Each structure stands twice: as structure tokens, then as C-alpha cells.
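Here the structure comes first, spelled out in C-alpha cells, and everything after it is commentary.
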């Protein structure tokens, strides 16, 4: 088979999705399942819906259009702000979008009126991770302005944590979101259908807190696809961690020194994630035909007996105790960054197995 390639098992992903939907439902929380890592693959969307997700979410309008073109008519949410240049496409394809700027909601309204569509918005609130969101004190004004716009419905509020600065979801920040939902409803006499308490990083909080409060939805992608907790990359008990595998082919294998020699300067790419000093003795040094153009080399989990020691745009450099046969393939477990980049690469061949027969 061609390499590099990424193999994805939709049956294992479906089992993960079913289990997480079951666990969140036990706390009164629904799941919006995120399809962006597999570029809006319709078969993945169907797996998520069959598992009990109440909606699909994606960050690219092209992916949402792909889902619609394949006949999926379930609720779909654009999980980042609409681009001003794409508001017409967003209104046509997505039922809801996340929003942080009222000016963009105004553009969505202007596109929705002639399209005779009602577009829902979930206003995102900044609660400390500093990626996106309206400051809590500015939320009432944003709500008031959105409520005046034709063909716009304020469906809810939400937040994003842990993505940029690793801020951990907890009772303090998610309690603040819950309190905001209650105060907004009282102030404006509306009902917020969705109070979205974040992404896969909020699962640990949900399983341990005694104060779920108004949180009634999570946006889950990484935990379903990889069976891991984004906060520490630890496996989530009861889930599959092997639903995706990246394969790369050996194109050189030689006995070389482990240390470079000669005058040193800055290299093109960052050092490998495992920066533990290597022994000075010689060892087997192999090149694999995969690099930064194909995936995130620093987000690959190497098999036993293999160690990633470097990468360039086209090559992954590994060390091993024994010589690796030319043309042999090495299998790696991707993290979320590696998964997303591999699925987006034109040079990595996707192989998708399992999933629904319809």
C-alpha cells in the first residue's frame, strides 16, 4: 500500500463515541461531535450521529458543505466565527455558528434575510484561555444587540478552554459560564438552549464535579477519535487509543554516530519532543519518508524499540537497536495535531475502514 498513509477505523471511533455520549448523558450533557480532524468526512458524521451526538460541528465551511452534499441533514454547527467573506455560505450550510463579534453576526443577519434562513448563534465567552471570546462584562451588550437582528436567534453561550494556554476547565470558570447563562436569561427573558462547556478537555471536570450547573453540551473531537484526555494526553479508561495509525516507509538505514559534528547553527525545524540526551556511541539511524509537510513529527508516538530523534520537511529520523529493512513500514500513533495535519495533507494517503453501511 502507498505510504505515508493514515489508517482510520470508524468502528473503533464509533465505540468511543457511544461510550462518551453515554457518560455525558448520565450528567445531563449532550455531545456536539467534531468532524474537522477528518475534513468533514460524511461517514464519520454518520458514525457520530448513530452514536447519539445531537449535532455535528466543524471549523471549516467547506467541510460542512461536504457533509450536506452527502445528504446529512442533522444540525451542524460552525465551531469558530464565520469569516466575513463566507457568511452567505455559512448561512446556507450551517444551522448555527459560534460568534465573538457582533459585527459578524450582523453580516450573518444580512445574508440570512434574503436567503429566508434563520441562523442560530452561540456567543463565546472568554474565561481565561485567551483564544477567543467576549469578555464576561461585555456579554449583556452583545446579547442585546444580537436580539435586535432579523433572522438571527441567540441559541446559547459557550466557552473554549485549554486550546491555547492550557487553562484547565474547573468549577470556577465553568461555574462562571453557568452563572452567566442564568443571569442572561433573567435579564432578557430568553431561554438559552445551549450552554457549551468546552471541548474534550472538559471531560475530566464533568466526571468529577458535583456542580454541572447549566452546562448542557460539550464539543468533542479528540477524545472520541484518539481516546485521550487533551490535558495530559493520558488514555481515557474504556476507550480505544488505536483508531488512527500513521505508516511511514524506511528509505535509509545506516550505522551512524548519534551526535552531529562540525560547526553548529540554528536548524530549520525544532528539535524532537524527546530531548533526553542520547548516548555518544554509534547506533542505527534510519530515515523515513514523512516529515513536516505531511504531519506533525513531534506529535507521533513511536513503537517500542524506536525513538524519534529529528525531522525535516521530508524526513523523519529515528534511532533503533537494529537495522531496519529498506521499504519496511513503521507504525506511529498520532496525537491530535499529527492526525489533523495528516488528514489535511495531499501527500498522506487516507485509508478509512468500517463505519455505517448506508
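On the given criteria, is residue 158 in the same structural domain as residue 17 (by TED's automatic domain parsing) and either closer than 19 Å to residue 80 by Cα or surrounded by fewer than 15 Cβ atoms within 10 Å (Cβ to Cβ) (or both)?
yes
Do we find a residue being touching a residue at least 40 places away in the same chain (Cβ under 8 Å) and touching a helix residue (DSSP H, G or I) at 6+ places or on another chain (Cβ under 7 Å) anywhere in region 79-90? Before the answer, list the steps.
In the first step, residues of region 79-90 are kept if they are touching a residue at least 40 places away in the same chain (Cβ under 8 Å); the result is 79-81.
Still in the running and touching a helix residue (DSSP H, G or I) at 6+ places or on another chain (Cβ under 7 Å): 81.
Among the residues of region 79-90, at least one is touching a residue at least 40 places away in the same chain (Cβ under 8 Å) and touching a helix residue (DSSP H, G or I) at 6+ places or on another chain (Cβ under 7 Å), which makes the answer yes.
Report, by residue number, each residue of region 97-117 that is in contact with a strand residue (DSSP E or B) (Cβ under 6 Å, 6 or more places away or on another chain) and either without any contact (Cβ under 8 Å) to a residue 60 or more places away in the chain or surrounded by fewer than 17 Cβ atoms within 10 Å (Cβ to Cβ) (or both).
Those that are in contact with a strand residue (DSSP E or B) (Cβ under 6 Å, 6 or more places away or on another chain) and either without any contact (Cβ under 8 Å) to a residue 60 or more places away in the chain or surrounded by fewer than 17 Cβ atoms within 10 Å (Cβ to Cβ) (or both): 97, 99, 100, 105, 108, 109, 112.
Where in region 1-115 are the helices (runs of 4 or more DSSP H), entirely inside, with at least 1 residues that are closer than 17 Å to residue 199 by Cα?
Hits in region 1-115: 10-25, 42-50.
Among the residues of region 177-201, how many are in a helix (DSSP H, G or I) and out of contact with any helix residue (DSSP H, G or I) (no Cβ under 7 Å at 6 or more places or on another chain)? If you could, list the steps in order and put the result at the bottom.
First, the residues of region 177-201 that are in a helix (DSSP H, G or I): 177-188, 200-201.
Still in the list and also out of contact with any helix residue (DSSP H, G or I) (no Cβ under 7 Å at 6 or more places or on another chain): 177-179, 181-183, 185-186, 201.
Total meeting the criteria: 9.
Kindly check whether there is at least one residue in region 261-284 that is at pLDDT below 95, out of contact with any helix residue (DSSP H, G or I) (no Cβ under 6 Å at 6 or more places or on another chain), part of a strand (DSSP E or B) and over 30 Å from residue 71 (Cα atoms).
Checked region 261-284: at least one residue is at pLDDT below 95, out of contact with any helix residue (DSSP H, G or I) (no Cβ under 6 Å at 6 or more places or on another chain), part of a strand (DSSP E or B) and over 30 Å from residue 71 (Cα atoms).
Is region 132-141 home to any residue that is in a loop (DSSP other than H, G, I, E, B), touching a residue at least 24 places away in the same chain (Cβ under 8 Å) and either surrounded by fewer than 21 Cβ atoms within 10 Å (Cβ to Cβ) or touching a strand residue (DSSP E or B) at 6+ places or on another chain (Cβ under 8 Å) (or both)?
Looking for residues that are in a loop (DSSP other than H, G, I, E, B), touching a residue at least 24 places away in the same chain (Cβ under 8 Å) and either surrounded by fewer than 21 Cβ atoms within 10 Å (Cβ to Cβ) or touching a strand residue (DSSP E or B) at 6+ places or on another chain (Cβ under 8 Å) (or both), one finds at least one in region 132-141, hence yes.
(1) without any contact (Cβ under 8 Å) to a residue 24 or more places away in the chain; (2) not assigned by TED's automatic domain parsing to the domain that holds residue 210: which one isn't true of residue 4, the others all being true?
Tallying (1) without any contact (Cβ under 8 Å) to a residue 24 or more places away in the chain; (2) not assigned by TED's automatic domain parsing to the domain that holds residue 210, residue 4 fails exactly one: (1).
Please work out if residue 123 is part of a helix (DSSP H, G or I) and crowded, with 17+ Cβ neighbours inside 10 Å.
For residue 123, the condition - part of a helix (DSSP H, G or I) and crowded, with 17+ Cβ neighbours inside 10 Å - is not met.
Could you tell me whether region 206-213 includes any residue that is out of contact with any helix residue (DSSP H, G or I) (no Cβ under 9 Å at 6 or more places or on another chain), assigned by TED's automatic domain parsing to the domain that holds residue 109 and within 23 Å of residue 80 (Cα to Cα)?
Checked against the condition, which is being out of contact with any helix residue (DSSP H, G or I) (no Cβ under 9 Å at 6 or more places or on another chain), assigned by TED's automatic domain parsing to the domain that holds residue 109 and within 23 Å of residue 80 (Cα to Cα), region 206-213 yields no hits at all.
The values are calculated or read from the model by the stated rules, or taken from the named source; none is laboratory data. If you're wondering where the values come from, they're calculated on a predicted model, not measured in any experiment. Positions of Cβ are backbone-derived with ideal geometry, glycine not excepted, and every protein chain shown enters the neighbour counts.
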